[in-house]
Each structure stands twice: as structure tokens, then as C-alpha cells.
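J.: Below you will find the structure I want to go over with you.
The values are calculated or read from the model by the stated rules, or taken from the named source; none is laboratory data. Keep in mind the model is a prediction, meaning the values are calculated, not measured. Here the Cβ positions follow ideal geometry from the backbone for every residue, glycine too, while neighbour counts run over all protein chains shown.
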Amino acid sequence: MAAADWTTAPSAGLGVAFLRVPAIGIAMVLVLCPILLVVYQSFLSDPFFTPSAQFTLDAYRFVLEDPDFWRALWTTLALAAGMTVIAVCIGTVLAFIMVRTDVPGRSFLEILLLVPIFTSAVVLAFGYVVAAGPVGIVSTWVKDVIGVVPWDIYSLPSLIVIAGLTHVPHVYLYTAAGLRGIGSDVEEAARIAGASPFRVALAVSLPMVRPSIAFASVLVFFLGFELFGLPLVLGDPAQRLVLTTYLYKLTNILGTPSYQLMAAVVVVIILIAAPLVALQRRLLRDAGRYVSMRGKGVRIEPLRLGASRWLALGVILLWALVTVVVPIGGILLRSFVVSWGEGVHLLDVLTLQHYRELLDYPNIVRGILNTLGVGVIGGAAAVACYTALALAVHRWQSKWVRVVDYLALAPRAMPGIVAGLAILWIFLFVKPLTPLRQTMFSVWLAYAVVWLAYGMRLVQGTLLQIGPELEEAARTTGASDLRVKRDVTLPLVRNGMLAAWLLIFLIFVREYSTGVYLLGPGTEVIGSLLVSLWGTGAVDLVSALSVVNVALIGLGLAVALRLGIRLHA
Amino acid sequence: MPDLVVENVAVRLGGVEILKSVSFRAVPGEIIALLGPSGSGKTTLLRCVAGLERPYQGRITIGDRTLLDAGRGIELAAEQRGLGLVFQSYALWPHRTVFENVAYALRLRRGSAAEIERRVTEALARLGLSHLAQRFPHQLSGGQQQRVAIARAFVYEPPVILLDEPLSNLDAKLRDEARAWLRTLIRDLGLAALCVTHDQVEAMALADRVLLLNGGVVEQEGQPKALYTDPRTLFAAEFMGINNRLDGMIESLAEGHARLRIEDVTLEGEPRHDGLATGGPAVGVIRVEHVRLADAPGPNRVAMQLETAMYLGERYELALRRGNWHVRAYAAEPPLHGPELLIEFPREALWVF
């Protein structure tokens, strides 16, 4: 080989276009088709696949003239606004206590604070019903002591409080991240000037993380619009609907599936959600800018609370008691007893019968296996897809990067139940896909699309941790773009991918609303089974299956903690 | 080996002109320093040559190979240019051993196993890294990492090696040593080298020629000594060396003479550019080492108050003041007498811009 041959590497085999074109193309089809199909359907008079379907605005007319729709809209607004206020107030205080003070047992509390995020909302809702419902175990105790049950779990205020409490962790996570970016010197300065720790929090620390709090508020408000499990379970007895449950009820309103009405509602939901998603994007950027201004290596010295740190601990434990212990403990207990009520002695009614019963239903057994499958195998496949898409735009200077950005964000504007419905329609509509409708592939696809934004953030966050010069170094030594990704980028993010897989596993196992419309023989997952079983009133089965769900997630969380994986993106 | 020729390269980033039509030529065996303050475009220029930045204008060639010709739409990707680049952070791949870091480029070029083994061993031996071949980057000291990065960049015999602040991550003592061996190594390899630095001392020590960049243009180009002793612009004069700056106004102007008035005194200096006009504002620049203590009044000698004298080890630095102007000077011994000293600004050392 002549010396000159060493100078330049032989030209690469496959160009990076072979990754980019299919990755972006497929993502585009998968994201846009469901949305476009829903919009198209909303302007039709009949289901889109019937020949008699005609263009009309009737669907919108019907929905907008339906008083139930307006009631649902107002309830949703009240719920979203109310829960935001509660979650932000408690979440910021908890974040301050956790990050900036010497409250005891922080590492344990940190895990406790994340539990509601990884617990299925329907499970929490069931937990509240069995624990604090009219004949719940907590209600019964309270009634024994003071003679009455001072709350009604099915009232709107209860729903708002529960939704608020279960969304405290979201606010906590973002506020805490912001607080960690501020050096303690500003707080110390305030204390030396004579401010009490409480004043310091209100006057110095929290105002400095205002952008993070603003982002978290919009996020929680947005999640309020998406809420499905809690209002489905807690709003049902009082016939109180929110937009998502209104949509769910529309399925059987006219006897035949009223596709166009559902589509019209979905469009309304998307129209409300889309600006909120855009606003979140902007606020997140602002928050990031705010924090990164502080540079690296800030020293954090916890604020000494003295005796009042036990009070701070009490505040967190009280929140945990109401938000974690009551519902999860309730459902756990309920799954091991035959029944409970006034005068029933718990030890007399202990049983494993409900778990044995689970095994009698082949669809439930299938559901558990399917859930594991979609979590483990589907999770890996989803991370692989997200990675392919993220790599396709990684370090690419092109306007397509923005396109992919927005593409990944678009499914966020569709609540899971809506995306599930749209994907179902795709499977009905695209004939080659129809045989796959009865398989877990359809559920996996819906999950993967719904969680696209989250997954992309996980993967891209990991990719961005690689210094660009490591990749540039490979380029200048002669590696093509694709080679660099294979030889440098991917090997360096292996741990990050593992973490992403685990987090996606947790999310997929927790998911319930996306699978609701896809539920059928062969496509059962625990989440959608829980929703449908609750409808039949099978409380015993629901409790046992909920515990199975929580146990699977607990297992995943344990592995994640063992591996030292950060539990939030 | 052929010359590297850069012609009229211009780069725009987000609407800001980072580099405005820069040209230069590097011949084999020559070390060129790209010197300038941060934001002067020196790193951008290096990255243009490497193919990591996209100029909208200009040509870059090595002999008869065109790397870039914006006018004709030719732009070779970084991996097709066959240049060596040493990063400021070294950018060693943490998942590969030292041997594999260096071997990677050869593997890309489909060298035989024996050939790769031979070349990598040779390169590592040359830099005194033989015993570290199987280590991972995080097991090396900063100086060792830097050597690996350099081995990785020249193992495939690129015609030009690019170095981005190669010494800035080393501690001060190591840096002085590294400067010497790096210069020797590049000389021995017979490469053309382009070295970005913000440190004028480093640039002068390392390079055969210095390209002083400011605001995206070449402010002055030349041998280190010429740049230091014969700056063409105020920027060049002030950027090199340690200086006193005297703001004043031109009292009179003659061939090779300029009388600069600063407050109540007039100093004679050397006019350094054509734009000077009698009565107009001007700036005098004099290197600190050229300011002298004098023992008797005379031309260009001014009485100044000694504010403080600082001991620097090999000499003293004096802080002097007269009215609102401040001057620094060096002295071998602290002045013994009085707070008022006679200070001389030698005429030929006082540049007037």
C-alpha cells in the first residue's frame, strides 16, 4: 500500500441518508397519520370507511350544542386549574425542603416522592375508592372515631385535591432541578441579613427558580386536561364528566360507534392541548437558560432548620400518607380480604382467593404477560426506534432537526386515550395492517407513538452528554457520519440507553388509557383490563390486578435504583 | 508535501460574520500560529480547514486537492480531507484503549493488522507512550492524554496537522516543556501545522509565523519577532507584550516624528500609521520593559509619582502616576529616593497610533 493511501480513508459505504430518510419518514407517517385521520373523520357524517360518508360540520354542531360537552369542558378547566394550584403550592415547598434544607432521610423521601409518577392513575383512583370511599377502610375507621365521614370521595373538590396531590411530584422534580442550580451563597446572604429559613425560601430561593415553577405549572395544567383514570373512577358515580371521559362515554352514546363525534371531541382536545405544549416548550427553554447561566460547580450547603426540620419531615410524610400510603395501602389490603365494612374484623377475612381468581381468567393472565412483554421487549424496541430517530438528527445542521422536534412533540397534544383511538382507526383503515390489530403490535405502536416525546427527550438527553469533539475527532481521522455514530456515539451512550429502556419499561407497564380502545382478545394489558374490569364492578379482581401492576413497577423501580439510574428525564 | 492554501474564507453563524475573508498559505514543515482574543475567529478558521465549519465563501486547497471551493460548490466532508486535528480537550474516546484510539484511523483506512500494529507502536514509541498502550484515557495524566491525542492525529501521516489550543489544558510548568517538544516533533515530522492559541507567548515560541486575528480578519501576519517589534496597528501593538497605553493628542507631526501631548507633558514618539493628524486624538503605546528610570531631566523624561513597588521575583514592577495617567515600569531594584521619579519613554520605543 502506497504511503499516500493513508491520507484519506476510503469513501464510506452507506451514507447517513440511509438512516435519516427512513427514520424521519416513518416517524412522520406514524405521527401525522393518526392526527390527520382524526381531523378528516371529524368533518364526515359517518365512519370514514363507509361509502356513505359525506363532508359535513354536523359532528361539531352536535358536540358544541351538547350541554354535556360544555359541562365536561368546564369541569376539566376547574379540575386542571384547581389541581395546578394545589400541586404547585405543595410541590415548590417540598422541593425547597428537599433540596435546600437538612431535613432527615432525604434519600428515602426522594424515592417516596417519585412513587405517584410511576403509579398508574387508575390504580391510585381505585386505591382512593377502596380506602376512602363511602365504605372504604379509612372512612370506616374515621366514622368509628368521630361518627361521620367528613368527605365525599366522589365530589369535585375531592377529585381536585387528589389530582393535585398526585401531581405534586411533577412540580417537585422541575423546581428541585432549578433549585439545585443555585449556589447557597444567595441564601446564606439572606440569612445573615436576618431572614428566617421560611423567609429565605419565599423571598430568595423560590423567586429565583420562577421559570422552573412556571414550566411545572403549565405542565400540570396540561396534564389536567389529559387526566383520564382519576375522573373516570372518581367522577363516575356522580356522572361528572371531563373531556376525556366524555369522549369515552361517547363510544356508546348512539348505539353505533359515533366516530365523527369522537373525532370532533378529539380535535377540540388537540386544539386546547397544542398551545399548551408549545408554551411548555418555550418555558422549558427559558428555564434551562436561567439555570445554565449559573455555570457549573455550585456549592450547595443545606440550610440548617434546627428543631423545625422534624416539622418539615412531618409535612412531607403527611403528603406521602395521603398520596401514597392511603391509596396503595388501601388497594393492597383490599386485595387480601374478602370484604370489609363496619364491624368486620380484618384478620377474619384475610384471603389469597383474589390472586388465585386472576389465574382463572385466561385474558387476565394474558394481560399480565402482555404487559411484561410490551414493557420489556416493546420497551427495548421503542428505545431502539427513538434512538434511530434521535441519531438521525443528532449533530445535524438542518431545518429537518426542527421538523423532527415538532414531530416528536405532536403526539403530546393527544391524550393517550385519543392516540389509542386514532391508532385503532389506522389499523382498521390500512388493510395490510388489519391482521395486526388483534396483536400486541398495535398496542406497542400506540404506546411508542404516545411516548415519543418523552422517549426522545430521554435519548437525546443522553446523546447530548457526549462532547461534540469526540465525534468530530472521529470525523477528522476519516470516519463517515454513520461510522462515527456506530463507533463512537452508540458505544458511549450504552448506559444511557439502558436507563432509557428501564424508564420506558416503567411507563409502558403503568400505561392504561392508550390501550383502552385497542383492548380485545390478544391485546389485553393490565392497564386497559383494569379500566374495563372496573366497569363491571369486579372490585376483588381489580384490587389483585392493581397490586400485580404496582409490584411490576416496584420491581422496575428497584432495579433502576440498584443501577443508580436517575428516575427523571 | 504540498502547501495548504486558504483563500478568502468567510463564515457566518446566525447572521454574525465570524470570519471575513481570511487568506494564508502554509508550507510543509512550517508552524503557523492562529493568534487572537476570544471571538476573533481563530478557532473557526481552524475548523473551516478541518471541515467542521461551513464557510459561505472561499477556497481551501492542499496542492492540487481542493478541500473547499464555495464558488463551485465543492466541499469535502471532514472525513475526506485526511487532516489531523488535536482538540483542546484532546477528545480521546473513553471507551477505547490508547492503542485503539491511535489505531482507529488506520482501521478506517483498512490497513492490515501487522501494518497497523507497526505504525501505532512506532507512533506511541515516538511520543514515549509505549508502556501505556493498553491503558484507557481516564487512567492517564493530562500530559499523557495530550500526547495520545497528538499521536492519534499524525499516525496516518496527514499533510497538515491542526492543533486547537493544544497546551491550554496542561498546568503551567508542563506547558513550557510541552511547547519545546511539540515544536521539535512537528519539525521532525515535516508537517505543516496550524496551531490555535490565545496566548501570545505560546504563539511566538511555537510558531514560525503568526497570524494575528481580530474580529474575523487578519490584523497582521509575520514572523513572531516582526509582530512583536513592528506592530502595524494599535490592536497588534496592544495585543502583543505588556504595554502602557497613553491617550493624548497630536501636537505636531513630521517625517518619522510625532509629538504626543498627554495632559501637561509632550512626548516624542514614532508615528505608526498614516491617519494621524495634528490636533487629532492619538494613542501612545510603549512596552512596559521599555520604560526606564532616568537620573537627570532630558527629552522624553517625565517626573512621576511612585504609587507602589511590587516584588515579582526577578525584578520589581513600579506603578507610577502623573495626574490621571498611570504607567507601569520594571526596575531591577526598588527606587531608593523620593516618591517622585524621573521616567524616560525612549522615543523609538514609543509608538503613536
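J.: Hey, among A:LEU555, A:LEU470, A:LEU541, which residue is surrounded by fewer than 24 Cβ atoms within 10 Å (Cβ to Cβ), farther than 28 Å from A:LEU230 by Cα and in the same structural domain as A:ASP360 (by TED's automatic domain parsing)? It would help to see each step written out before you state the result.
T.: On the way: A:LEU555 fails: farther than 28 Å from A:LEU230 by Cα; A:LEU541 fails: farther than 28 Å from A:LEU230 by Cα.
Just one listed residue meets the conditions, A:LEU470.
J.: Ok, one more. Name every residue in region B:237-265 that is acidic (Asp, Glu) and either part of a strand (DSSP E or B) or at pLDDT 90 or above (or both), in order of residue number.
T.: First pass over region B:237-265, keeping only residues acidic (Asp, Glu): B:238, B:247, B:251, B:255, B:263-264.
Hits for region B:237-265 are B:GLU238, B:ASP247, B:GLU251.
J.: Name every residue in region B:315-346 that is modelled with pLDDT under 90 and not in a strand (DSSP E or B), in order of residue number.
T.: B:GLY323, B:ASN324, B:ALA332, B:GLU333, B:PRO334, B:PRO335, B:LEU336, B:HIS337, B:GLY338, B:PRO339
J.: Report yes if B:LEU67 is touching a Ser or Thr at 6+ places or on another chain (Cβ under 7 Å), within 14 Å of chain A (Cβ to nearest Cβ) and at pLDDT 90 or above, otherwise no. It would help to see each step written out before you state the result.
T.: Working: touching a Ser or Thr at 6+ places or on another chain (Cβ under 7 Å): yes; within 14 Å of chain A (Cβ to nearest Cβ): yes; at pLDDT 90 or above: yes.
Against the criterion (touching a Ser or Thr at 6+ places or on another chain (Cβ under 7 Å), within 14 Å of chain A (Cβ to nearest Cβ) and at pLDDT 90 or above), B:LEU67 qualifies.
J.: How do the pairs read when you match residues in region A:146-166 that are farther than 15 Å from A:PRO327 by Cα and surrounded by fewer than 24 Cβ atoms within 10 Å (Cβ to Cβ) with residues anywhere that are at pLDDT below 90 and among the aromatic types (Phe, Trp, Tyr), using Cβ under 9 Å and keeping only pairs 6 or more apart or on different chains?
T.: A:PRO157/A:TRP151
J.: Also, quick follow-up: I'm told B:ARG187 meets every condition in (1) touching a helix residue (DSSP H, G or I) at 6+ places or on another chain (Cβ under 9 Å); (2) touching a residue at least 60 places away in the same chain (Cβ under 8 Å); (3) more than 30 Å from B:SER21 (Cβ to Cβ) except one. Can you identify the failing condition by its number?
T.: Just one mismatch for B:ARG187, condition (1).
J.: Which residues, taken from region B:45-64, are under 20 Å from A:LEU470 (Cβ atoms) and not hydrophobic (A, V, I, L, M, F, W, C)?
T.: B:ARG47, B:GLY51, B:GLU53 - these are the residues of region B:45-64 that are under 20 Å from A:LEU470 (Cβ atoms) and not hydrophobic (A, V, I, L, M, F, W, C).
J.: Moving to a separate point now. Within region A:392-435, track down each residue that is more than 26 Å from the chain's Cα centre (by Cα), part of a helix (DSSP H, G or I) and not aromatic (Phe, Trp, Tyr).
T.: We begin by selecting, within region A:392-435, every residue more than 26 Å from the chain's Cα centre (by Cα); these are A:395-400, A:428-435.
From what's left, part of a helix (DSSP H, G or I): A:399-400, A:428-429, A:431-435.
Within region A:392-435, A:LYS399, A:LEU428, A:LYS431, A:PRO432, A:LEU433, A:THR434, A:PRO435 meet the criteria.
J.: Among the residues of region B:154-171 satisfying the criterion of being among the charged types (D, E, K, R) and either over 17 Å from the mean Cα position of the chain (by Cα) or within 9 Å of chain A (Cβ to nearest Cβ) (or both), which is surrounded by the fewest Cβ atoms within 10 Å (Cβ to Cβ)? Step through it out loud before you land on a result.
T.: Keep residues of region B:154-171 that are among the charged types (D, E, K, R), which gives B:157, B:164-165, B:171.
Imposing the further condition that a residue be either over 17 Å from the mean Cα position of the chain (by Cα) or within 9 Å of chain A (Cβ to nearest Cβ) (or both) reduces the set to B:157, B:164, B:171.
Numbers: B:GLU157: 19, B:ASP164: 23, B:ASP171: 8.
Out of the qualifying residues, it is B:ASP171.
J.: Now a separate question. Do we find that A:MET456 is within 14 Å of chain B (Cβ to nearest Cβ), within 30 Å of A:SER528 (Cα to Cα) and either free of Cβ contacts under 8 Å to residues at least 60 places away in the same chain or not aromatic (Phe, Trp, Tyr) (or both) in this structure? Before the answer, list the steps.
T.: Values: within 14 Å of chain B (Cβ to nearest Cβ): no; within 30 Å of A:SER528 (Cα to Cα): yes; either free of Cβ contacts under 8 Å to residues at least 60 places away in the same chain or not aromatic (Phe, Trp, Tyr) (or both): yes.
No, not satisfied.
J.: Could you please find all residues in region A:323-341 being more than 26 Å from the chain's Cα centre (by Cα) and either surrounded by fewer than 17 Cβ atoms within 10 Å (Cβ to Cβ) or part of a loop (DSSP other than H, G, I, E, B) (or both)?
T.: Scanning region A:323-341 gives A:PHE336, A:VAL338, A:SER339, A:TRP340, A:GLY341.
J.: Okay, next question. Can you pull out every residue in region B:36-76 that is assigned to a loop (DSSP other than H, G, I, E, B) and in contact with a helix residue (DSSP H, G or I) (Cβ under 9 Å, 6 or more places away or on another chain)?
T.: We begin by selecting, within region B:36-76, every residue assigned to a loop (DSSP other than H, G, I, E, B); these are B:36-41, B:51-56, B:63-64, B:73, B:76.
Correct list: B:GLY36, B:PRO37, B:GLY51, B:LEU52, B:GLU53, B:ARG54, B:PRO55, B:TYR56.
J.: Right, something else. Among A:PHE48, A:PHE62, A:PHE69, which is the only one that is surrounded by 15 or more Cβ atoms within 10 Å (Cβ to Cβ) and part of a loop (DSSP other than H, G, I, E, B)?
T.: Details: A:PHE62 fails: part of a loop (DSSP other than H, G, I, E, B); A:PHE69 fails: part of a loop (DSSP other than H, G, I, E, B).
The conditions single out A:PHE48.
J.: May I pose another question? Being more than 7 Å from chain A (Cβ to nearest Cβ) and aliphatic (A, V, I, L, M) is the filter; apply it to region B:85-101 and report the residue that is surrounded by the fewest Cβ atoms within 10 Å (Cβ to Cβ).
T.: B:LEU92
J.: Of all the helices (runs of 4 or more DSSP H) wholly in region A:113-210, which have at least 3 residues that are closer than 29 Å to A:LEU552 by Cα and among the aliphatic types (A, V, I, L, M)? It would help to see each step written out before you state the result.
T.: Working: elements: A:121-132, A:137-146, A:156-166, A:168-180, A:185-192, A:197-200.
Where helices (runs of 4 or more DSSP H) fall fully within region A:113-210 and carry at least 3 residues being closer than 29 Å to A:LEU552 by Cα and among the aliphatic types (A, V, I, L, M), they are A:121-132, A:156-166, A:168-180.
J.: Which pairs have Cβ atoms under 6 Å, sit 6 or more apart or on different chains, and link a residue in region B:279-303 that is on the phi < 0 side of the Ramachandran plot to one that is of a type in the set (Lys, Arg) and modelled with pLDDT of 90 or more?
T.: As it stands, the answer is B:VAL285/B:ARG245; B:VAL288/B:ARG328; B:ALA294/B:ARG301, since those pairs meet every condition given.
J.: Which of the residues that make up region A:506-555 are under 20 Å from the mean Cα position of the chain (by Cα) and among the β-branched types (Val, Ile, Thr)?
T.: A:ILE507, A:VAL509, A:THR514, A:VAL516, A:VAL525, A:ILE526, A:VAL531, A:VAL547, A:VAL548, A:VAL550, A:ILE553
J.: I've got another one for you. If you check B:GLY82, B:GLY111, which single one turns out to be surrounded by 24 or more Cβ atoms within 10 Å (Cβ to Cβ), within 30 Å of A:VAL493 (Cα to Cα) and facing chain A (nearest Cβ under 10 Å)? I'd like the intermediate steps shown before the answer.
T.: Working: B:GLY111 fails: surrounded by 24 or more Cβ atoms within 10 Å (Cβ to Cβ).
None of the other options fit; the residue is B:GLY82.
J.: In the list B:GLN139, B:GLN144, B:GLN134, which residue meets the criterion of being touching a Phe, Trp or Tyr at 6+ places or on another chain (Cβ under 8 Å), surrounded by fewer than 20 Cβ atoms within 10 Å (Cβ to Cβ) and more than 8 Å from every other protein chain (Cβ to nearest Cβ)?
T.: Values: B:GLN139 fails: touching a Phe, Trp or Tyr at 6+ places or on another chain (Cβ under 8 Å); B:GLN144 fails: touching a Phe, Trp or Tyr at 6+ places or on another chain (Cβ under 8 Å).
Only one candidate passes the filter, namely B:GLN134.
J.: Hand me the list of helices (runs of 4 or more DSSP H) wholly inside region B:115-211 holding 2 or more residues that are assigned by TED's automatic domain parsing to the domain that holds B:TRP93 and farther than 21 Å from B:MET240 by Cα. Step through it out loud before you land on a result.
T.: Values: elements: B:142-154, B:172-189, B:200-206.
Those helices (runs of 4 or more DSSP H) span B:142-154, B:172-189.
J.: Just for region B:35-56: of the residues that are away from chain A (no Cβ under 13 Å) and surrounded by 17 or more Cβ atoms within 10 Å (Cβ to Cβ), which one is farthest from B:LEU13 (Cα to Cα)?
T.: Among those residues, the one meeting the criterion is B:LEU35.
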